[in-house]
1. Tell me which residues, restricted to segment 66-87, are within 12 Å of residue 54 (Cβ to Cβ) and in contact (Cβ under 8 Å) with a residue 60 or more places away in the chain.
2. Pairs under 6 Å by beta carbon, first residue within 15 Å of residue 157 (Cα to Cα) and assigned to a helix (DSSP H, G or I) in segment 178-190, partner modelled with pLDDT under 95 and within 12 Å of the ligand (Cβ to nearest atom), six or more apart or different chains?
3. Are any residues in segment 164-183 away from the ligand (no atom under 14 Å from the Cβ) and either in contact with a strand residue (DSSP E or B) (Cβ under 9 Å, 6 or more places away or on another chain) or closer than 27 Å to residue 80 by Cβ (or both), and if so, which ones?
4. Taking the condition more than 22 Å from residue 209 (Cβ to Cβ), under 19 Å from the mean Cα position of the chain (by Cα), in contact (Cβ under 8 Å) with a residue 24 or more places away in the chain and surrounded by 17 or more Cβ atoms within 10 Å (Cβ to Cβ), does residue 98 pass?
5. Can you report the number of residues in segment 13-30 which are without any contact (Cβ under 8 Å) to a residue 60 or more places away in the chain and farther than 14 Å from residue 221 by Cβ?
6. Go through 76, 6, 67 for me and flag whichever is within 30 Å of residue 141 (Cα to Cα), out of contact with any helix residue (DSSP H, G or I) (no Cβ under 8 Å at 6 or more places or on another chain) and more than 16 Å from the ligand (Cβ to nearest atom).
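The values are calculated or read from the model by the stated rules, or taken from the named source; none is laboratory data. From a predicted model like this one, the values you see are computed outputs, not experimental measurements. We place every Cβ from the backbone using ideal geometry, glycine too, and count neighbours over all the protein chains shown.
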Ligand SMILES: [Fe+2]
C-alpha cells in the first residue's frame with residue numbers, strides 16, 4: 001500500500017487543534033446556556049455576529065478561488081472546495097433565516113445595521129477574515145489545512161457543546177444542523193493534507209498558518225463573547241477605540 005505523504009502532519013494538526021478545542025473562549029456562553037441564563041437578546045447577538053462571519057466567507061473563498069489554476073490540483077480537490085463554499089453560504093442563510101423567523105429583526109437590512117452584524121475594519125472579526133483572505137496566495141492544500149484542521153475543529157467542538165446546552169428548538173437546531181457539514185470539512189481537510197502536502201517546506205508552512213488562523217479565530221471568539229455579554233471589546237478599549245466606536249455606531 002502506498003503511504004500517504006501528509007499522514008503524520010494531518011494527525012499532528014488535528015491533535016493540536018483538538019487540544020485547543022478542549023476549552024474555548026465560548027465556555028462562558030455555554031455555561032450561560034446550561035444555567036438557562038442565555039436570554040433572547042444574547043442569543044440574537046450571538047447568531048447575528050456568527051452571521052457576520054459567515055457573510056465574510058464569500059469574500060474569503062472568492063479570493064481562494066482566484067488562486068486556483070488549471071491542473072494545479074485534481075478535480076476532486078476543487079469539487080470538495082466547491083462543496084465547502086456551498087455549505088458556508090447555507091450557514092450564512094441559516095443564520096439570517098433564524099433572525100427573521102425568531103422575529104429578532106424585521107428585514108435583512110436590520111442585521112446589516114446592527115453593531116453585531118456590521119463590518120468594521122479594526123475588530124477581531126476583520127483581522128480573522130483578513131488572515132484567511134491573505135491565504136489566497138498560498139497553495140490550496142496549505143490553506144485548507146489552516147482552516148479545516150484549525151478553526152473548524154475548534155468551531156465544531158464549541159458548537160456541539162452549545163447545542164447540547166440549549167433548549168430553544170430553533171436556536172438549538174441552527175447549531176445541530178451544521179454538524180454534518182463541519183465534520184465533512186474536517187475530513188476533507190485531513191484527506192487533502194494526507195494526499196497533497198508532501199514537502200517539508202509545505203508542512204512547515206501548514207503548521208505556521210494553522211497556528212495563526214487558530215490565534216485569530218480565538219480572538220474573534222473572545223470578541224464574540226464580549227458582544228454577546230454586552231461587554232466592551234478590546235478594540236473599543238484600545239487606542240483605536242474612538243474610531244471603532246464611530247464605525248459600529
Ligand atoms: Fe459554516
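1. At the first step, the residues of segment 66-87 found to be within 12 Å of residue 54 (Cβ to Cβ) are 85, 87.
Selection gives 87 alone.
2. Here the result reads 181/87; 185/84, each pair linking segment 178-190 to a residue that is modelled with pLDDT under 95 and within 12 Å of the ligand (Cβ to nearest atom).
3. Of segment 164-183, the ones away from the ligand (no atom under 14 Å from the Cβ) are 164-173.
Scanning segment 164-183 gives a single hit, 173.
4. yes
5. Within segment 13-30, residues that are without any contact (Cβ under 8 Å) to a residue 60 or more places away in the chain and farther than 14 Å from residue 221 by Cβ number 2.
6. Values: 6 fails: out of contact with any helix residue (DSSP H, G or I) (no Cβ under 8 Å at 6 or more places or on another chain); 67 fails: out of contact with any helix residue (DSSP H, G or I) (no Cβ under 8 Å at 6 or more places or on another chain).
The unique qualifying residue is 76.
Condition check ((1) loosely packed, with under 15 Cβ neighbours inside 10 Å; (2) modelled with pLDDT under 95; (3) more than 16 Å from the ligand (Cβ to nearest atom)) across all residues:
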{"position": "190", "(1), (2), (3)": "no, no, yes"}
{"position": "208", "(1), (2), (3)": "yes, no, yes"}
{"position": "213", "(1), (2), (3)": "no, no, no"}
{"position": "219", "(1), (2), (3)": "no, no, yes"}
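Results for (1) more than 13 Å from the chain's Cα centre (by Cα); (2) surrounded by 22 or more Cβ atoms within 10 Å (Cβ to Cβ); (3) in a loop (DSSP other than H, G, I, E, B), shown as yes or no for each residue.
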{"site": "121", "(1), (2), (3)": "yes, no, yes"}
{"site": "127", "(1), (2), (3)": "no, no, no"}
{"site": "132", "(1), (2), (3)": "no, yes, no"}
{"site": "136", "(1), (2), (3)": "yes, no, no"}
{"site": "146", "(1), (2), (3)": "no, yes, no"}
{"site": "154", "(1), (2), (3)": "no, yes, no"}
{"site": "167", "(1), (2), (3)": "yes, no, yes"}
